[in-house]
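Trainee: Submitted below is the structure of interest, expressed as structure tokens.
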């Protein structure tokens, strides 16, 4: 389990100061399990409820749960109430705010923990809670976590990604694939993102999602993306949908590194999945087939490194870019704590000359250069590394 987040939450809720704490992250990464583990580690009353049932659509339900929790606290000076899937109740933030202020006035030390998908909680509800909440951002499971929990080697992780709920299904490839498509991707598109805002072209959104997975690790202009799609759209719509998919934890469009912000925003994106399970589920290539296709395997390895970087950047407030100038290119530029780290990925094992790295170093300041694969650090070793260790 993701012990770092558990430790952070335990420490915060044991403080005297009250918190509204938000766990924000994609579907099926263990947010609920983390909350239930937290309950076992606290020595004061808790109350866990989920809004993921039809009878909880009224705001009065939230008030009722706070009243139940206050009764539980009669013999304690501190408590924690946990709302799972809170975004499924319209205007939930107003009721949370009202109850929070009520407890503040009455000097009731009741902490609040809200669980939900990142785009909804971070954009639709938190504005009215400004100054009252903190966020713990959770990304997809890392190689280290999948290795510790399921004994996976790096090849399994590269192909099947970081979904703990699907780990036991990989021996039945079609069942695993349908789980990813139907239980993760489909509800993320048809429920989570549609909660965020009105999507005028849901079919186009699905096509952008699939395109992003199939072309992960490749730089593709928005105009070229339009040429690959069956539904009618425009470059502004494509860019917007790609941004929503990134916030939902599926596919990101990495900007080109530049000292000028306007160039970053106007550049062609490098498509990058946040979990390689999406690539495998769309291409239908199992681990044996993936390793046979050397070009495909190269894209898969690079995507695994990219997804690791992005999910780590979510945790540690880093930023990820790519860089290209003519024929010179660097796979990833990581910026963390003011340091610039240039990263190249190679899936083969022969000695490599990094012309792009040399050119980038002439044009930009770089604090560290890294080669992953080839005659550099192994892919498995890198996937087992926290990005804070690279500084």
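The numbers here are math on the coordinates, done by the rules we state, and not lab data. Quick caveat, the model's predicted, so the values are computed rather than measured. Cβ: placed from backbone, ideal geometry, glycine included. Neighbour counts: every protein chain shown.
Trainee: From the gyration tensor of the Cα coordinates in the range 20-89, what semi-axes in whole Å does the equivalent ellipsoid have, largest first, with each one equal to sqrt(5λ)?
Mentor: One finds semi-axes of 21, 18, 8 Å for the range 20-89.
Trainee: Now for a separate question. Considering only DSSP beta bridges with both partners in the chain, what is the antiparallel share in %, to the nearest 5?
Mentor: Given both bridge residues lie in the chain, the antiparallel proportion sits at roughly 35 percent.
Trainee: Quick check: the angle from helix 31-41's long axis to the longest principal axis of the chain, C-alpha only, nearest 10 degrees?
Mentor: It is inclined by approximately 50 degrees.
Trainee: Next question. What does the extension gain come out to for residue 43 and residue 76, with contour length at 0.36 nm per residue minus their alpha carbon separation?
Mentor: Result: 10.9 nm gained on full extension.
Trainee: In addition: GNM, the chain, Cα, under 10 Å: largest mean-square fluctuation among 365, 140, 111?
Mentor: Comparing 365, 140, 111 in the GNM, the peak value goes to 365.
Trainee: Over the chain, with a Gaussian network built from C-alpha contacts below 10 Å, which listed residue (289, 302, 344) shows the highest mean-square fluctuation?
Mentor: Highest fluctuation among the options: 289.
Trainee: May I pose another question? Where does the chain land at 222 nm, in deg cm²/dmol rounded to the nearest 500, when only DSSP H runs of n ≥ 4 count, each adding -39500 (n - 2.57), divided by all residues? Kindly include the intermediate steps, with their values, before the conclusion.
Mentor: On the way: 17 runs with 165 residues, N = 391.
After summing the helix terms and dividing by the residues of the chain, the value is -12500 deg cm²/dmol.
Trainee: Continuing with this model, one more query. If one takes the longest principal axis of the Cα atoms in the chain, at what angle in degrees, from 0 to 90 and to the nearest 10, does the Cα axis of helix 92-105 lie?
Mentor: 50
Trainee: Please list 334-340, 159-165, 210-216 highest first by mean number of surrounding beta-carbon atoms within 10 Å per residue.
Mentor: Sorting 334-340, 159-165, 210-216 by mean packing, highest first, produces 159-165, 210-216, 334-340.
Trainee: Another one. Could you work out how far the C-alpha centroid of the range 56-75 sits from that of the range 36-55, in angstrom?
Mentor: 12
Trainee: Now for a separate question. Mean projection of the alpha-carbon convex hull of the chain over all orientations, in nm²? Provide the component values of the computation, followed by the final result.
Mentor: On the way: hull surface 81.2 nm².
Directional mean of the projected Cα hull area for the chain stands at 20.3 nm².
Trainee: Also: Treat the range 270-309 as a sphere of radius equal to its Kirkwood radius over Cα pairs and apply Stokes-Einstein at 4 °C in a medium of 1.567 mPa s; give the translational diffusion coefficient in µm²/s, rounded to a whole number.
Mentor: 127
Trainee: Once you have the Cα-Cα distance between residue 14 and residue 101, take 0.36 nm times their residue separation minus that, and quote the gain in nm to one decimal.
Mentor: 29.3 nm
Trainee: Which residue fluctuates most in the GNM of the chain (Cα springs below 10 Å): 251, 136, 305?
Mentor: 136
Trainee: Can you tell me the FRET efficiency between residue 144 and residue 296 if r is taken as the Cβ-Cβ distance and R0 is 25 Å, rounded to the nearest 0.05?
Mentor: Given R0 = 25 Å and the Cβ-Cβ separation, E is 0.50.
Trainee: Also, quick follow-up: Within the range 60-93, what residues put their amide N at less than 17 Å from the label point 7 Å along the Cα-to-Cβ vector of residue 109?
Mentor: Once the point is set 7 Å along Cα→Cβ of residue 109, 70-81 turn out to lie under 17 Å by backbone N, inside the range 60-93.
Trainee: Would you please state which residues of the range 77-109 a label at residue 58 would reach in this model, taking the label point 7 Å out along Cα→Cβ and a backbone N cut-off of under 17 Å?
Mentor: Under 17 Å, as judged by backbone N against the label point of residue 58, lie 89-92, 95-96 of the range 77-109.
Trainee: Only residues of the range 366-383 count here: report those whose backbone N is under 13 Å from the spot 7 Å along Cα→Cβ of residue 348, or say none.
Mentor: Under 13 Å, as judged by backbone N against the label point of residue 348, lie 374-375 of the range 366-383.
Trainee: By how many nm would the segment from residue 258 to residue 235 grow when fully extended, if each residue of separation counts as 0.36 nm and the alpha-carbon distance is taken off? Let's see the in-between values first.
Mentor: On the way: separation 23, 0.36 × 23 = 8.28 nm, distance 2.15 nm.
So the extension gain works out to 6.1 nm.
Trainee: Further question on the same structure: Computed from the mean reciprocal separation of all distinct C-alpha pairs, what Kirkwood hydrodynamic radius does the range 3-137 have, in Å? Before the final figure, lay out the partial values.
Mentor: Details: mean 1/r = 0.0674 Å⁻¹.
Evaluated over the range 3-137, this radius sits at 14.8 Å.
Trainee: Compute the helix-to-body angle for 59-72: its Cα long axis versus the longest principal axis of the chain, expressed 0 to 90° and rounded to tens.
Mentor: Compared with the principal axis, the helix lies near 70 degrees.
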